[in-house]
Amino acid sequence: MKIVNDKTLHEVASTMIKKSVTRVAPDVLYLLKRAYENERSPVARKILEAMISNSYAAQKKSVPLCQSPGYPVIYVKIGAVKIETNIQKVFQKAIVEATREGLLRPSMVHPITRRNPGDNSGIGIPEVEVELVPGEADYSEVVISFKGCGAELPSALKVFTPAEVGREGVGLKRFILETVARADGIPCPPMGIGVGIGGQMHTAAKLSRKAISTRLWTDVNPDVGLARLEEELLRSINSLGIGPAGLGGDTTALTVKVEIAYTHTAICPVAVNFHCWAVRRITTRFLPDGSILFVEDEYAGKTT
């Protein structure tokens, strides 16, 4: 079994941070360009054009895509390759280094005193979620997501009773659409929307973040029913006409991602999580032969 040690993970973490914060993830850039081609509003087209242009400029100059550093979460899937190091400490060190290099604005603060350590360090930063999948994956995977926090402001969570869910989930759908309508232009549309359904309230919240932060925005849910729900919600959300930057248009959302967990018969928690268009995320796979694959780079090669 191949082993990823402290030195290797630190080198990869540093590369992942620089790649992710200086560009829009290639799958999202693809959707932005497609939205520009299909958008009918002249104002919305101008806004989408500026977003695309800024994305290319940030990558070309290796400068931060957005003034906000976003909130870093690391998603780890341990399969056939062992990661033998403290993942949080390695990534925290790399984040502090990137902050001192000017790639990230120091924005992490104590939740009550609001004291800022000045280098994006602190308790719980970055957040790390680990999933063990021995025998299911012939690689191990690490995803880093820097999610803008302005988009967090209109996010919502509700624990439904079975009666409130309604026939074919009509109550859940209404809640999601009403949440998006209230958000209007706050989450920097065109946005991605993650929906977590099930578990307890903390489960739904985590699922909503994971759905929109780890999946390629161009993918199709392997669950046919959930894929159909994602498509239905995306059509309904785009019919609201909020548009890019909240100034009207056909493109309010680029994607909707839904993840579920079984829940208790008495409840049905639902979380709606907004992600702005500035998606700073990269996925790295450690393969058994010792090679390292950056998934988004492979995606970009297939769409250019």
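Coordinate-derived values only; no laboratory data. Note that the structure is a prediction, hence the values are computed from the model and not measured. Neighbour counts run over all protein chains shown; Cβ positions are idealised from the backbone, glycine included.
Of note:
- Annotation: cysteines of the chain without a disulfide-compatible partner (Cβ-Cβ under 4.7 angstrom) are 66, 149, 268.
- Share of Cα-Cα pairs in the stretch 150-275 lying beyond 19 Å, as whole percent: 42
- Overall form of the stretch 90-211 per C-alpha gyration tensor (a/c, 1.5; a/b vs b/c): oblate
- Computed log10 I(q)/I(0) for the stretch 1-108 at 0.17, 0.19, 0.22 Å⁻¹: -0.88, -0.98, -1.14, from the Debye equation with unit scatterers placed on every C-alpha and solvent omitted.
- Taking other Cβ atoms within 10 Å as a rough exposure proxy, 294, 286 sort from fewest to most as 294, 286.
- Estimated purely from DSSP H runs of n ≥ 4, each contributing -39500 (n - 2.57), the mean residue ellipticity at 222 nm for the chain is -12500 deg cm²/dmol once divided by its residues.
- Kirkwood analysis of the Cα pair distances in the chain returns a hydrodynamic radius of 20.0 Å.
- Put a plus charge on the Cβ of each Lys and Arg, a minus charge on the Cβ of each Asp and Glu, and nothing anywhere else: the dipole of the chain about its Cα centre is then about 760 debye.
- For the chain, excluding the exposed loop sites themselves (trypsin sites (Lys or Arg not before Pro), DSSP loop, at most 11 other Cβ atoms within 10 Å), the longest remaining stretch covers 116-304.
- One decimal place: the segment residue 262-residue 59 gains 69.0 nm when fully extended, by the rule 0.36 nm per residue minus the C-alpha distance.
- When you filter the chymotrypsin sites (Phe, Trp or Tyr not before Pro) in the stretch 175-281 for DSSP loop state and at most 11 other Cβ atoms inside 10 Å of their Cβ, you are left with 262.
- Extension gain (nm, one decimal) between residue 227 and residue 3, 0.36 nm per residue minus Cα-Cα: 77.0 nm
- Gyration tensor (alpha-carbon) shape descriptor, the stretch 241-304, a/c threshold 1.5: oblate
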